[in-house]
Each structure stands twice: as C-alpha cells, then as structure tokens.
Amino acid sequence: MRTLALMTMMLGATLSPTLFAHEPEKINYNIVNIQADASRQVANDEMRAVLYIEKSHKQPAELSNQINLLMNQAQAVSRKYSQVKVETGAQSTYPVYDNDSRKLKEWRGRAEIQIESKDFKAASQLISELQQNFQTQSINFTVSDEQRKKVENELMIEASKSFQQRAQAISQAWNKAQYNLVNLNLNTSNYFPQPIMRGAMPKFAAMAEAAPAQDMAAGESKIIVNANGTIQFK
C-alpha cells in the first residue's frame, strides 16, 4: 500500500506540470490588444490665484505683527466677495545674514493668500484691491472638478464606443464573426490648466480707482480619456 501511494504521488508530480502548462495557452490564442481615445477641449471655468507679501525687520516679533496685520486686512477685504473662496497659504520666517554669513542682518517673512472662484470678475476685483499690499505670484485657469467629472463621464462612453468600433473592424479584417472582451481599462489623462500670469507681478491696484480690474482670458483645457484592452476572437 505504501508503494502504491508513493507511485501515485510520483505520477501526480510528473503529470501536473504538463496539465497546467496547457491551461495558459488556451487564452493566448486569437488575442488582440486595442487602444482608443476620446478627447474634448473644455472652457476653463475656474480661476485660481496666489498672492503674497514679503516683509523684513530686525525684530522677529515686529515682523510677525506687520504680516499678521496685513493678512487680517486681506481677510476683511475678501469678505466683501462672497463668490470668492480665500484661504491662507504657506507662511515662513527666516533669518538673513550679511555677506560673510556670520552676522544676523534682519528677519524676513513671507505669507500667501490663495484665491479660487468661478466668478472671474469678482476674483479680478478682489485681486486688484489686495495688490495694494500684496504681489501676485500666479493666476491660473482650470476646469472645475464638477465640470471635469461630467466631461470625463461623457468621454468614457465615447472612448468605449470607439473601442468597440475598432474591435469590430479588426474582427472583420480577420474574418472573425465574434469576439469576447477579455479586459478593458478606462483612464483619464491629466488636463493642463492654462497659466495666464506667473512670477511677481507689478502693483497696478494702487490706481484701482482710476483703472478697472483686468479682464481675464480663461482659455481652454484638453481632457482625454483612453480606452485600452484585450479581445479574443471566438
């Protein structure tokens, strides 16, 4: 009995690799990889801006007071614009040394305000007011999350239909009447916001009473959905 059991185990060990070796080969026949895309130019409907102040003082406590005062004033001005979302951004204070890097010369502080709104006119007016004390680091236009998700859902359907059309065309080219869908991946690409301004901007709001807020050109962003997958001819 022990000899019979041993022979059975040896036979199983001999046959199993052969049996399993044929399994993967079944799905490797008549396999085709396909890719299709769908894209759309979408008008940017959201504006984002970063403004900042930089101050220097020999006393860090006084420097902090000056920055806090200007930041509080900015928040007070921002409350007039309910359509605009305003948040406090990065803040930093660091020592500045003389040319020999030995003697402390002064302290320098920097604080940012982040602005976000779909109301370009209101955001532009707020920026004009804030630029009396702040400088503009950047102004970007992008597609809002709500609009982007809506467009992506529509493009997923378009990309899926394009994938099916290509699958049918390839099937006909190979004289195959039908196919099975093995897998399908739908991926959305990064869309690139259109920058309208970058870097330190000159202060033009000192003349805010004489000049209107700047008209903004929002531009467009391209949203792409990629469909890639595998079919198997029957």
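Just so you know, all these numbers are worked out from the coordinates, no wet-lab data involved. This one's a predicted model, so the numbers in the text were calculated from it and none came from an experiment. Cβ coordinates were reconstructed from backbone atoms using ideal geometry, including for glycine residues, and neighbour counts include every protein chain displayed.
Suppose we filter the range 85-104 for residues that are free of Cβ contacts under 8 Å to residues at least 12 places away in the same chain and either closer than 21 Å to residue 61 by Cβ or of a type in the set (Val, Ile, Thr) (or both); how many remain? Talk me through it step by step, then tell me what you get.
First, pick out the residues of the range 85-104 that are free of Cβ contacts under 8 Å to residues at least 12 places away in the same chain: 97-104.
Within this subset, residues satisfying the condition of being either closer than 21 Å to residue 61 by Cβ or of a type in the set (Val, Ile, Thr) (or both) are 97, 103-104.
Result for the range 85-104: 3.
In the set (1) closer than 18 Å to residue 222 by Cα; (2) out of contact with any strand residue (DSSP E or B) (no Cβ under 8 Å at 6 or more places or on another chain); (3) touching a residue at least 12 places away in the same chain (Cβ under 8 Å), the condition left unmet by residue 158 is number (2). Residues that are under 28 Å from the mean Cα position of the chain (by Cα), not in a strand (DSSP E or B) and not acidic (Asp, Glu) within the range 37-68 comprise just one, 44. The one condition from (1) outside any strand (DSSP E or B); (2) within 19 Å of residue 138 (Cβ to Cβ); (3) in contact with a Lys or Arg (Cβ under 6 Å, 6 or more places away or on another chain) that residue 71 does not meet is (3). Residues in the range 164-178 that are closer than 11 Å to residue 229 by Cβ, touching a residue at least 12 places away in the same chain (Cβ under 8 Å) and not basic (Lys, Arg): 167 alone.
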